[in-house]
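Participant: I am attaching a structure below and will ask some questions about it afterwards.
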Amino acid sequence: MADRSSADSGRTDGGRADGAAHAQAGPEGDGTAPPAEYRTAELARAAGITVRTLRFYRERRLLPPPRREGRIAWYNEHHLNRLRTISALLARGHTLGGIADLIDAFEKGRDAGGAAELLGLESTLVPPWSEETPVRLTPEDLAAHFPGEVTSDNLAAALDLGYVAVDGDEVVHVSRRLLDASTALVGEGIPLEAVLEAGRVVREHADAVADLFTNLVRARLFTDVRELSPADLRRLSEVMDRLRPLAKQVVDVELALAMDRRVRAELESWSRPDGPEGEAGTGRQERRGPDGGSGGPDGEPGDRRDG
């Protein structure tokens with residue numbers, strides 16, 4: 001990264017601009033460019049985050065320690081790349097805890113071959129499936145989306161799900177589409193707490209579907225592969241590119257068919273003389289028998305018949 005002049009910031013520190021990256025002097029006459037280094041504020045600015053967020057990442061051990069010169073901490077391009085990786089993973093929907101696990105696996109797998117590429121930290125051989133657009137919100141913006149619903153419990157639940165992340169004085173929502181859907185559901189009168197709980201359940205089922213497809217690829221197409229070579233990675237990338245629209249299509253169709261079945265069952269339940277007071281969502285009614293015990297649809301003990 002090229003040094004900036006003092007005119008960029010209007011402030012100097014020992015003759016050097018506060019906003020300039022520090023370049024260590026390289027070996028004389030070796031013909032190589034000296035590596036750039038950054039102070040805390042400079043690194044945060046280069047990464048597009050706040051100093052507060054940078055320090056938070058340090059506390060969470062998402063960044064390796066900086067080089068210290070007395071009381072001054074110096075960061076380098078490796079730190080900048082790590083911050084950009086964190087931002088990219090947050091944009092894909094990962095939580096900070098999940099990112100910490102990914103980085104740990106990346107570091108441990110660096111010498112094992114293939115792990116770094118598969119994690120997407122250094123390579124784009126396997127591009128992300130998510131095409132979501134993050135949204136930056138002020139606290140006032142967030143309150144406007146969910147009037148009266150932005151409680152500490154709901155915010156904690158959204159953070160735990162990875163729907164939002166705090167960046168300084170702003171909140172970053174992982175997905176414009178998820179934000180719009182949540183806003184619409186709350187606008188219909190569904191409490192945000194219930195929307196977030198539904199999101200948690202959907203996440204569990206979505207993870208199960210993702211496991212199904214990835215296990216299918218591993219078990220059927222990469223059965224004998226124990227360690228991914230560059231050729232295997234290229235092949236995996238091609239397979240996943242072809243699988244992406246097919247998997248989305250299957251899930252979309254199955255969800256639509258499932259919703260048709262459930263809506264029909266609910267309508268049938270509502271059309272019964274006693275209304276939807278029976279077993280929720282099953283289309284079956286349960287009435288009390290003459291003795292007050294649980295009976296079947298016609299009050300006969302143990303006689304439970306589908307409607």
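Participant: Taking the stretch 175-202 on its own, how many of its residues are within 30 Å of VAL51 (Cβ to Cβ) and either modelled with pLDDT of 95 or more or out of contact with any strand residue (DSSP E or B) (no Cβ under 7 Å at 6 or more places or on another chain) (or both)?
Facilitator: The initial filter retains those residues of the stretch 175-202 that are within 30 Å of VAL51 (Cβ to Cβ), namely 175-176, 178-179.
Of the ones still in play, those that are also either modelled with pLDDT of 95 or more or out of contact with any strand residue (DSSP E or B) (no Cβ under 7 Å at 6 or more places or on another chain) (or both) are 175, 178-179.
Summing the residues that are within 30 Å of VAL51 (Cβ to Cβ) and either modelled with pLDDT of 95 or more or out of contact with any strand residue (DSSP E or B) (no Cβ under 7 Å at 6 or more places or on another chain) (or both) in the stretch 175-202 gives 3.
Participant: Also, quick follow-up: If we scan the stretch 191-204, do we find a residue that is in contact with a Leu (Cβ under 7 Å, 6 or more places away or on another chain) and over 30 Å from THR138 (Cα atoms)? Can you show your working first?
Facilitator: Going residue by residue through the stretch 191-204, those that are in contact with a Leu (Cβ under 7 Å, 6 or more places away or on another chain) are 195-196, 199-200, 203.
Pick out the ones that are also over 30 Å from THR138 (Cα atoms) and you get none.
No, the stretch 191-204 contains no residue that is in contact with a Leu (Cβ under 7 Å, 6 or more places away or on another chain) and over 30 Å from THR138 (Cα atoms).
Participant: Sticking with this structure for a sec: What's the number of the only condition in (1) assigned to a loop (DSSP other than H, G, I, E, B); (2) open to solvent by less than 80 Å² (accessible area, probe 1.4 Å) that ARG226 fails to meet?
Facilitator: Here ARG226 meets the rest and fails (2).
Participant: Can you tell me which residue in the stretch 237-250 is modelled with the lowest pLDDT, limited to those that are touching a helix residue (DSSP H, G or I) at 6+ places or on another chain (Cβ under 8 Å) and surrounded by 15 or more Cβ atoms within 10 Å (Cβ to Cβ)? Step through it out loud before you land on a result.
Facilitator: Going residue by residue through the stretch 237-250, those that are touching a helix residue (DSSP H, G or I) at 6+ places or on another chain (Cβ under 8 Å) are 239-240, 243, 247.
Cutting the leftovers down to surrounded by 15 or more Cβ atoms within 10 Å (Cβ to Cβ) gives us 240, 243, 247.
On the way: MET240: 84, LEU243: 89, ALA247: 92.
Result: MET240.
Participant: Sticking with this structure for a sec: Looking only at the stretch 77-95, which residues are modelled with pLDDT of 80 or more and open to solvent by 30 Å² or more (accessible area, probe 1.4 Å)?
Facilitator: Within the stretch 77-95, the subset modelled with pLDDT of 80 or more is 77-84, 86-87, 90.
The answer is GLU77, HIS78, ASN81, ARG84, SER87, LEU90.
The values are calculated or read from the model by the stated rules, or taken from the named source; none is laboratory data. None of these values were measured; they are calculated from a predicted model. All Cβ positions, even for glycine, are placed from backbone atoms using ideal geometry, and neighbour counts span all protein chains on display. All accessible areas refer to the heavy atoms of the entire protein, side chains included, with ligands and DNA or RNA removed. Shrake-Rupley method; radii C 1.70, N 1.55, O 1.52, S 1.80 Å.
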